[in-house]
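Here is the structure we will look at, set down as structure tokens.
What follows is calculated from the coordinates using simple rules that are stated; it is not laboratory data. The structure displayed is predicted, hence computed values, not measured ones. A quick note on method: Cβ atoms are made from the backbone with ideal geometry, for glycine too, and the neighbour counts reach across all protein chains shown.
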Amino acid sequence: MTSGPVYELGHLIVAAIRVISHRESRPPTLGEIGTLLGLSPEFVGQVIRGLEEKNIVRTVESAFDDRFEIVEHTHLEELPREMKMPGMEQDIEDFEKRFREKQEKLENLFESDEIDGKKKEKMKNMEDELKSFKKKPIESPFFEDAEDADDTEN
């Protein structure tokens, strides 16, 4: 699997850094780059880490946030033109297969009488519990015994 950023994304990130640096007269943050490009800051962060490994950009750390500057834009030409992920297709197929199996299992469960049987059993258990439930005498804070409370009601 090819790691790191691809050619077009690298150029896009570097261009965003240049535009924001020009407009704001300071290096941009991940959020600013992401906003300009319509990408999530997390995704931009992944691409920038790859660009840092290739010495294309660098992080300028401050007390409040991290900002990014271009170091050597010519290294962009060394980036792969497309991302190759040979195992990715197999992973997707495996995921889809597991998903289909779960769906079939759920469909079979709902079509079978197993759920009805479980519901009936649960209702029967609740009925039995209700029948066996014994009413506790009410404890009154005004009387010592619950029997005294019963005597005063009559």
**Request:** Check cross-link reach from Lys131 to the lysines: straight Cα distance under 28 Å, and skip same-chain residues fewer than eight apart.
**Result:** Lys118, Lys119, Lys120, Lys122
**Item:** Long-range amide H partners of Phe68 with built H, under 5 Å
**Value:** Val60
**Message:** Please arrange Ser21, Ser140, Ser62, Ser132 by how many other C-beta atoms lie within 10 Å of their C-beta, fewest to most.
**Reply:** Ser132, Ser62, Ser140, Ser21
**Prompt:** Could you give the nm distance between label points at Val19 and Val71, where each point is 7 Å from its Cα heading toward the beta carbon?
**Reply:** 2.5
